[in-house]
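Here is the structure we will look at, set down as structure tokens.
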């Protein structure tokens, strides 16, 4: 009986396709100016399996982007956010860290096609944890700098808040000029570089303070007259 010789193939078996997520694959595309086209990003996101696209024309340095916030609010556990390039998500490192945190908190994944970043893999999840650690470190540093600045200001006898643009002398000058009719509120606003509503508030406060002072003076005079 002839012996059957089995030949062993040294070719590797084809890799199994990655397990698909139960969530939606959502694409985000952005260009900065109206003249730019989203076609290239749209085609790449569609080819990556995105079933829904969020697109807008806005600067990557801005946080107030309606479509970005609509995407973040739409996220559910198991979803995957896909961008053509990392800077499409944000050009600000601070905002980028915050966005990545929001995606992670929603239980969603993130993929950047150009940089080959994929947080649905073990290596990508490790990167997400590192991103969270850096974000927490940044917040701690901001709190520390703020506390140190406030402590130094208190030591020098200063308090927090924005300095007043107009001191008491200028406020009194504005109020008296408007009340006397020498200048209009608009003229004084231009002269001192403030808005007309600011001038109106200064005048109203001056009138209220003046009326209060007159009332106190009359009350004091009445008491003195009663004791005589």
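FYI, it's all coordinate maths here, none of it is from the lab. A quick note: this is a predicted structure, and the numbers were derived from the prediction, not measured. Every residue, glycine among them, receives a Cβ derived from its backbone with ideal geometry; neighbour counts consider all protein chains shown.
Brief remarks on what is shown
- Label positions at residue 36 and residue 172, each projected 7 Å from the Cα along the C-beta direction, are separated by 5.6 nm.
- In a fully extended conformation the segment linking residue 187 and residue 70 would gain 37.6 nm over its present Cα-Cα distance, using 0.36 nm per residue.
- Using equal-weight Cα scatterers in the Debye expression, the normalised intensity of the range 25-138 in log10 at q = 0.13 Å⁻¹ is -0.44.
- Cα-projected label distance for residue 148 with residue 115, points at 7 Å along beta-carbon direction, nm: 2.8 nm
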